[in-house]
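For reference, the structure discussed in these notes is given below.
The values are calculated or read from the model by the stated rules, or taken from the named source; none is laboratory data. Since the structure is predicted, the reported quantities are computational estimates derived from the model, not experimental observations. Methodologically, a virtual Cβ is constructed for each residue, glycine included, from the backbone with ideal geometry; neighbour enumeration extends over all protein chains shown.
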Amino acid sequence: MCNIRRLTLMMALLLLVLVAVPVIAQDTASGEVAIQAQACAEPGQLTMWVWDENWAKVIGAAIDAWKADYCPGAEVDLQVQPWGQYWDLLKTNVAGGDMPDVFNMSQDRFFFYADNDALLDLQPYFDEGGVDTSLWGSGMIDPYRWGEENDLYAGPVNWDTIAIFYNKDLFDAAGVAYPIADWTWDDFADAAAKLTSVENDVYGAAVYAEYQGGYPNWIAATGTTPVVEAGRTSCTLTDEGSVEALNFLKGLYDQGYMPSVSIVGGASADDSFNFWLAGKVAMVAGGSWKLPDALEKTTFNWDVVTLPKNPETGRSRSILHSVGYVASAATENPELAANLITYLVSDEGQQFFADAGGVAPANPAVQQQWIDSFGDTDVNIQAFVDATQDSQGVTAFDEIWDKINTELVVNIFDLGLSVEDATQQACEFINTQLPQ
Amino acid sequence: MSEQADQPAPYTDLSLPIKVLTYFVLILGAVVMVLPFVWMASTACKVPAELNTLPVRWIPQTPVCRENLNLLYETSPNFNRYLLNSALLTIGRLVGQLVTCSLAAYGFARFKFPGRNVIFALSLGLLMVPFQAILIPEYLLLRQLDWLNSFRALIIPGAFSAFAMFLLRQAFLQIPLELEESAMIDGANPLQVLRYITLPLSGPALAAFAVITIQAAWNDFLFPLVVANTPDTRVVTIGISLLQGERSTPWNLLMMGSFLATMPMLILFVILQRYFIEGVTMSGIKG
Amino acid sequence: MKTAFLNLFGQTPLTRRRALWGMALVAPNVLGLLFFFGLPVLAAFATSLQQWNAIKPPVFVGLDNFVRLFQDGAFWQALGNTLKLLLLSVPAEIFLALNVAVMLNQRLRGRIFFRTIYFLPVVTSTVAAAIVWAWIFQPRYGLIGNIFAPLGLRDIGWLTRPDLVLLPVAAVMIWQRLGFDMVLFLAGLQTIPRVLYEAAIIDGANPRQRFRFITLPLLSPTTFLVLVLAIINGFQVFDQVYIMTARTTRGGVGGSATTLAYFLYQSAFIRSEFGYSSAVALVLFLLTLGVTVLQLRIQRRWVYYEAGE
């Protein structure tokens, strides 16, 4: 038994190496550095805001290295804020005219600050420093573009995508074959049906959660942009593709293959994931940031597979989100701020993020290093990397995150509203929020 | 000083059925009161694999209290400093309020002056604006004073309180006038009367004031977060919230931190609640 | 002229002196409050006449925010929810707290233990409360569902159904305030002279009569305090809404659990309409003040002060 296990592990590792080698080979063969950090013109002082203690440690180390190697004499006042209150605090400080020089930004919050001309245009600095922005996938940086020139206003620091986490033990118990990369919505529905077991209190799937980890992935697979059109011109929830995707999910829910929001205990992808960790559901849509959680908390065998493909379009599209660094338009040291950001997204700076594990670094040069940070595991981490190929950036903004997402999910997957009524209602609200 | 000896006897000894009923109701209520605390304590000692069980696991199978405690201090090395800062904030506000609010309560309870009711209602009125509404102006005010990120900002605004003033005023109004009047005739000024007659007679109210003020100061989160979130001035509630990341919630560490922060409050309550009894013996003077 | 002015402070030198003493005593706290909280409140009220998103300079818009507010269905819904929650929570909260305090003021084994237990919610972390209360109301796996399963209530979605969601919110309000009110009541109970009870026992009064004719009237200043604070607090209910709806739809589906304070928060920090949210704050303030002034007037009919007021 033990030998067979070890053998499969070895084979999986070998496979991983085979898949990964060409990627590394490309980078090392050319021998080029993807993004090169630059020496700063003149040291000065910067304030910087980040969220959560763990991240602050990683960034603190990166900043120390920057100061030592590229900008001796610079001072960075690194302030760590609680994630839960980060945006409220930022607004409070902004109101007082105290916007930090450099700070963490998220794609869904970018619109407000950009729209109010509060951010520094980083494009000239990237151009000057020879940063090749095409290294980053469009899902990573398009949501950070702004203005007539489509300039880039953020340096992307990481990315995450969505895939299906599945409980192998439950698949074995139901006698269902493990899913493979090219599976379709029909295969997914079949598996969900077979895996559902009322007597064992086990559901087949939980994949409809709000925003990034949930229903928008399925809408994206139909070729429709989820929730709102890029550029925030119109609500897309009533479009054909959205209705098709939501009806597919509602079908699974109506059949009893997916639990209601109340039974899961919440509408967020975290809640669905915790339900999966408790062994109550066989398949869950989860983000790459959940890998450490899954490695640490599971009490069963599991693996990851890419999202199933829509049978008509033949595509599976993951919602990709990327956290970036932005600088204040009012900073007294724009050159220095841009220099620090360039360092943090450079090959050197990104090492710190790659080694820390957890969320994947944005710079492709350190991708493998990130995969390696999980140590010896046969989990198909590559599924998340593959998902970046055909991905969809975040298009919704603040209010939609906070209200419409969850409301839509609860209306359809708990209160029994029809997809047509629920999307109609959501679009009516969204239309009042779109710029005229 | 056995507890039984100087018990008040507002009611005679309870009959058995009433006693049983009382216990039944108390225990039923206690279960609901205690559940979140139990969850906090048990989660503080769980390994990650036990965090997401269904049904909820109330007692960890492999308790790792010690390990989680170490992990907490590893993740948040300044945690003790945060506890100390919270203690400083709490003591500062308590002492401040004790002075300002007992004076004001006495003034409102015993002296007639023009505009008394309007001023009292206005002060209470400040309790009626949600803090979210004044978050930004409050930040701007302390910024103007150049007090941001200092203990002054943490303590001084909190040294005034409409709530504590109201509480103590109600208590003072329940104290009979005769004692104070005789002291006045003997030539004591109002400050002396307050210090030597009124306050000593208000033991239980002062205990309630202390419990509530300490608890509110210790748990204060939003105000310190806005005005003084630096490593040197950070209070423990903020320290705990920093453990939560955008993408991960280490429940066991969060709850270990919360547990450590809750224990001093519990111990203090157990000590202070004695004074809800002792006050009676004092007010017995009047009888 | 001078005497006319002085007469404001009282007719005789003694009353005048006492008036000055009174003002001197209240001055530190009142001035401190006005400076540290009065100024920000005034600033917030001034913002209610502006359009301001926290970044761009504010624009004066007169009463536009108020006009919009009174035409905003979401505002009226939030007002309605707030009033419903007040009705659901305040009477129950005071009734329970008074009873628990009276029970725990008796000669009872384990009294200190119970007092501590009932005080626990006041110090328990909000996030822990959020998790456990969500579990209590979770269908199938939760406490309520399992206790009332025989009644067919196992799979009720308490936290998602717009017609039910206020009940869990009210439950958490009561849970969090009970220990706080109990502390105030316990302190109040101590000030009732025990001779009165002894005399009543000699006169043959039964426990119910003693409660009705001694405890209730003599406790009334405390009850008044608890009532006023409970209503002020109830008007601002925010945390409890967050606790019960954070994991489904914040503020309830279709705004079914959105209170005025929550509406204010959303307007300010989510929609960046700080002028509009300040208008909500002013309306909330006036409402609470109105109810409190009303209570201060009515109290003369039911609150008994040993030394007069």
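Suppose we filter A:TYR153, A:TYR144, A:TYR166, A:TYR125 for residues that are in contact with a Gly (Cβ under 7 Å, 6 or more places away or on another chain) and of a type in the set (Ser, Thr, Tyr); which single one remains?
A:TYR144
How do the pairs read when you match residues in the range B:45-60 that are facing chain A (nearest Cβ under 9 Å) with residues anywhere that are of a type in the set (Asp, Glu), using Cβ under 8 Å and keeping only pairs 6 or more apart or on different chains?
Short answer, once both residue conditions are applied: B:PRO48/A:ASP293; B:PRO48/A:GLU296; B:ALA49/A:GLU296.
Determine which single condition C:TYR118 fails, assuming it passes every other condition in (1) more than 7 Å from every other protein chain (Cβ to nearest Cβ); (2) in contact with a Gly (Cβ under 6 Å, 6 or more places away or on another chain).
Here C:TYR118 clears every test but (1).
Which of the residues that make up the range A:249-291 are among the small types (Gly, Ala, Ser), crowded, with 24+ Cβ neighbours inside 10 Å, facing chain C (nearest Cβ under 9 Å) and within 16 Å of B:ASN52 (Cβ to Cβ)?
Listed by number, the residues that qualify are A:GLY265, A:GLY266.
For the range A:135-166, what are the residues that are of a type in the set (S, T, N, Q) and either touching a strand residue (DSSP E or B) at 6+ places or on another chain (Cβ under 8 Å) or modelled with pLDDT of 95 or more (or both)? Steps first, answer last, please.
Within the range A:135-166, the first condition is being of a type in the set (S, T, N, Q), and the residues that meet it are A:138, A:150, A:158, A:161.
Scanning the range A:135-166 gives A:SER138, A:ASN158, A:THR161.
Would you mind stating whether C:ALA205 is more than 8 Å from every other protein chain (Cβ to nearest Cβ), in a helix (DSSP H, G or I) and more than 25 Å from the chain's Cα centre (by Cα)?
Answer is no for this residue.
Do you know which residues across the range B:30-74 are surrounded by fewer than 17 Cβ atoms within 10 Å (Cβ to Cβ) and in a helix (DSSP H, G or I)?
B:VAL31, B:VAL38, B:ALA49, B:CYS65, B:ARG66, B:GLU67, B:ASN70, B:LEU71, B:TYR73, B:GLU74 - these are the residues of the range B:30-74 that are surrounded by fewer than 17 Cβ atoms within 10 Å (Cβ to Cβ) and in a helix (DSSP H, G or I).
What is the number of the single condition among (1) assigned to a loop (DSSP other than H, G, I, E, B); (2) in contact (Cβ under 8 Å) with a residue 60 or more places away in the chain; (3) surrounded by fewer than 19 Cβ atoms within 10 Å (Cβ to Cβ) that A:PRO226 does not meet?
Of the numbered conditions (1) assigned to a loop (DSSP other than H, G, I, E, B); (2) in contact (Cβ under 8 Å) with a residue 60 or more places away in the chain; (3) surrounded by fewer than 19 Cβ atoms within 10 Å (Cβ to Cβ), the odd one out for A:PRO226 is (3).
Please note which helices (runs of 4 or more DSSP H) are completely contained in the range C:1-54 and include at least 2 residues that are buried (at least 18 other Cβ atoms within 10 Å of the Cβ) and at pLDDT 95 or above.
Per the criteria, C:13-33, C:39-47.
Of the conditions (1) crowded, with 19+ Cβ neighbours inside 10 Å; (2) at pLDDT 90 or above, B:ILE27 satisfies every one except a single condition; which number is it?
Here B:ILE27 meets the rest and fails (1).
With the condition kept exactly as written, say whether any residue in the range C:261-278 is within 18 Å of A:VAL261 (Cβ to Cβ), more than 7 Å from every other protein chain (Cβ to nearest Cβ) and not small (Gly, Ala, Ser).
To start, the set of residues in the range C:261-278 that are within 18 Å of A:VAL261 (Cβ to Cβ) comprises none.
No, the range C:261-278 contains no residue that is within 18 Å of A:VAL261 (Cβ to Cβ), more than 7 Å from every other protein chain (Cβ to nearest Cβ) and not small (Gly, Ala, Ser).
Can you find a residue in the range A:321-343 that is away from every other protein chain (no Cβ under 14 Å) and closer than 28 Å to A:THR377 by Cβ?
no
For the range A:370-389, indicate whether the set of residues that are closer than 30 Å to A:LEU120 by Cα, of a type in the set (Ser, Thr, Tyr) and crowded, with 23+ Cβ neighbours inside 10 Å is non-empty.
No, the conditions are met nowhere in the range A:370-389.
If I filter the range A:106-122 for residues that are within 14 Å of chain B (Cβ to nearest Cβ) and outside any helix (DSSP H, G or I), do I get at least one hit?
yes
Of the residues that sit in the range C:91-115 and are among the small types (Gly, Ala, Ser) and under 18 Å from the mean Cα position of the chain (by Cα), which one is nearest to the other protein chains (Cβ to nearest Cβ)? Break it down into steps so the answer makes sense when it comes.
Taking the range C:91-115 as the starting set, the residues that turn out to be among the small types (Gly, Ala, Ser) are C:92, C:97, C:101, C:110.
Going one step further and asking which of them are under 18 Å from the mean Cα position of the chain (by Cα), we end up with C:92, C:97.
Working: C:ALA92: 12, C:ALA97: 11 Å.
Here the residue is C:ALA97.
For the range A:401-423, which residues satisfy the criterion of being touching a Ser or Thr at 6+ places or on another chain (Cβ under 9 Å), more than 14 Å from chain C (Cβ to nearest Cβ) and surrounded by fewer than 21 Cβ atoms within 10 Å (Cβ to Cβ)?
Selection gives A:GLU420 alone.
Among the residues of the range C:81-134, count how many are aliphatic (A, V, I, L, M), outside any loop (DSSP other than H, G, I, E, B) and more than 16 Å from C:GLY188 (Cβ to Cβ). Give the derivation first.
Within the range C:81-134, the first condition is being aliphatic (A, V, I, L, M), and the residues that meet it are C:83, C:85-88, C:90, C:92, C:94, C:96-98, C:100-104, C:108, C:112, C:117, C:120, C:122-123, C:127-132, C:134.
Checking which are outside any loop (DSSP other than H, G, I, E, B) leaves us with C:83, C:85-88, C:90, C:92, C:94, C:96-98, C:100-103, C:112, C:117, C:120, C:122-123, C:127-132, C:134.
This time we only want the ones that are more than 16 Å from C:GLY188 (Cβ to Cβ), so: C:83, C:85-88, C:90, C:92, C:112, C:117, C:120, C:122-123, C:127-132, C:134.
Number of matching residues: 19.
Is it the case, given these coordinates, that C:GLY290 is outside any loop (DSSP other than H, G, I, E, B), more than 14 Å from chain A (Cβ to nearest Cβ) and within 27 Å of C:ALA44 (Cβ to Cβ)?
For C:GLY290, the condition - outside any loop (DSSP other than H, G, I, E, B), more than 14 Å from chain A (Cβ to nearest Cβ) and within 27 Å of C:ALA44 (Cβ to Cβ) - is met.
Residues in the range C:55-80 that are assigned to a helix (DSSP H, G or I) and either free of Cβ contacts under 8 Å to residues at least 60 places away in the same chain or not aliphatic (A, V, I, L, M) (or both): how many? First the steps, then the outcome.
Initial filter on the range C:55-80 (assigned to a helix (DSSP H, G or I)): C:64-71, C:73-80.
Remaining after also requiring either free of Cβ contacts under 8 Å to residues at least 60 places away in the same chain or not aliphatic (A, V, I, L, M) (or both): C:64-68, C:70-71, C:73, C:75-77, C:80.
Within the range C:55-80, residues that are assigned to a helix (DSSP H, G or I) and either free of Cβ contacts under 8 Å to residues at least 60 places away in the same chain or not aliphatic (A, V, I, L, M) (or both) number 12.
Within the bounds of the range A:385-400, is there any residue that is assigned to a loop (DSSP other than H, G, I, E, B), in contact with a Pro (Cβ under 9 Å, 6 or more places away or on another chain), away from chain C (no Cβ under 14 Å) and at pLDDT 90 or above?
Residues of the range A:385-400 that are assigned to a loop (DSSP other than H, G, I, E, B), as a first pass: A:388-390, A:394-397.
So of that shortlist, the ones also in contact with a Pro (Cβ under 9 Å, 6 or more places away or on another chain) come out as A:394-396.
Still in the list and also away from chain C (no Cβ under 14 Å): A:394-395.
Remaining after also requiring at pLDDT 90 or above: none.
No: the range A:385-400 contains no residue that is assigned to a loop (DSSP other than H, G, I, E, B), in contact with a Pro (Cβ under 9 Å, 6 or more places away or on another chain), away from chain C (no Cβ under 14 Å) and at pLDDT 90 or above.
Checking A:LEU246 against (1) within 13 Å of chain C (Cβ to nearest Cβ); (2) under 27 Å from A:PHE110 (Cβ atoms); (3) over 16 Å from the mean Cα position of the chain (by Cα); (4) outside any loop (DSSP other than H, G, I, E, B), only one condition comes out false. Which one?
(1)
Can you confirm whether C:VAL59 is farther than 23 Å from C:LEU286 by Cα and more than 7 Å from every other protein chain (Cβ to nearest Cβ)?
Taking the combined requirement at face value, the residue satisfies it.
What number of residues within the range B:238-277 satisfy the criterion of being under 28 Å from B:PHE209 (Cα atoms), without any contact (Cβ under 8 Å) to a residue 40 or more places away in the chain and either crowded, with 18+ Cβ neighbours inside 10 Å or facing another protein chain (nearest Cβ under 7 Å) (or both)?
4
Could you figure out which of (1) modelled with pLDDT of 95 or more; (2) more than 14 Å from chain B (Cβ to nearest Cβ) isn't true of A:PHE300?
Condition not satisfied by A:PHE300: (2).
Can you find a residue in the range C:239-249 that is within 21 Å of C:VAL100 (Cβ to Cβ), buried (at least 19 other Cβ atoms within 10 Å of the Cβ), out of contact with any Lys or Arg (no Cβ under 7 Å at 6 or more places or on another chain) and more than 10 Å from every other protein chain (Cβ to nearest Cβ)?
Within the range C:239-249, the first condition is being within 21 Å of C:VAL100 (Cβ to Cβ), and the residues that meet it are C:240.
Adding the requirement that they be buried (at least 19 other Cβ atoms within 10 Å of the Cβ) leaves C:240.
Filter once more, so that each one left must be out of contact with any Lys or Arg (no Cβ under 7 Å at 6 or more places or on another chain): C:240.
From what is left, the residues that are more than 10 Å from every other protein chain (Cβ to nearest Cβ) are C:240.
Yes, there is a match, as at least one residue in the range C:239-249 is within 21 Å of C:VAL100 (Cβ to Cβ), buried (at least 19 other Cβ atoms within 10 Å of the Cβ), out of contact with any Lys or Arg (no Cβ under 7 Å at 6 or more places or on another chain) and more than 10 Å from every other protein chain (Cβ to nearest Cβ).
Would a scan of the range C:189-201 turn up a residue that is part of a helix (DSSP H, G or I) and either closer than 30 Å to B:LEU253 by Cβ or of a type in the set (Phe, Trp, Tyr) (or both)?
There is at least one residue in the range C:189-201 that is part of a helix (DSSP H, G or I) and either closer than 30 Å to B:LEU253 by Cβ or of a type in the set (Phe, Trp, Tyr) (or both).
Give all pairs with beta carbons closer than 8 Å in which a residue from the range A:133-159 that is assigned to a strand (DSSP E or B) meets a residue that is of a type in the set (Lys, Arg); count only pairs at least 6 apart in sequence or on separate chains.
Pairs that qualify, where the first residue is assigned to a strand (DSSP E or B) and the partner is of a type in the set (Lys, Arg), are A:ASP151/A:ARG145; A:LEU152/A:ARG145.
To keep it simple, each residue is scored yes or no on (1) surrounded by fewer than 22 Cβ atoms within 10 Å (Cβ to Cβ); (2) on the phi > 0 side of the Ramachandran plot; (3) aromatic (Phe, Trp, Tyr).
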| site | (1), (2), (3) |
| --- | --- |
| A:GLU75 | yes, no, no |
| A:PHE126 | yes, no, yes |
| A:SER134 | yes, no, no |
| A:ASN167 | no, no, no |
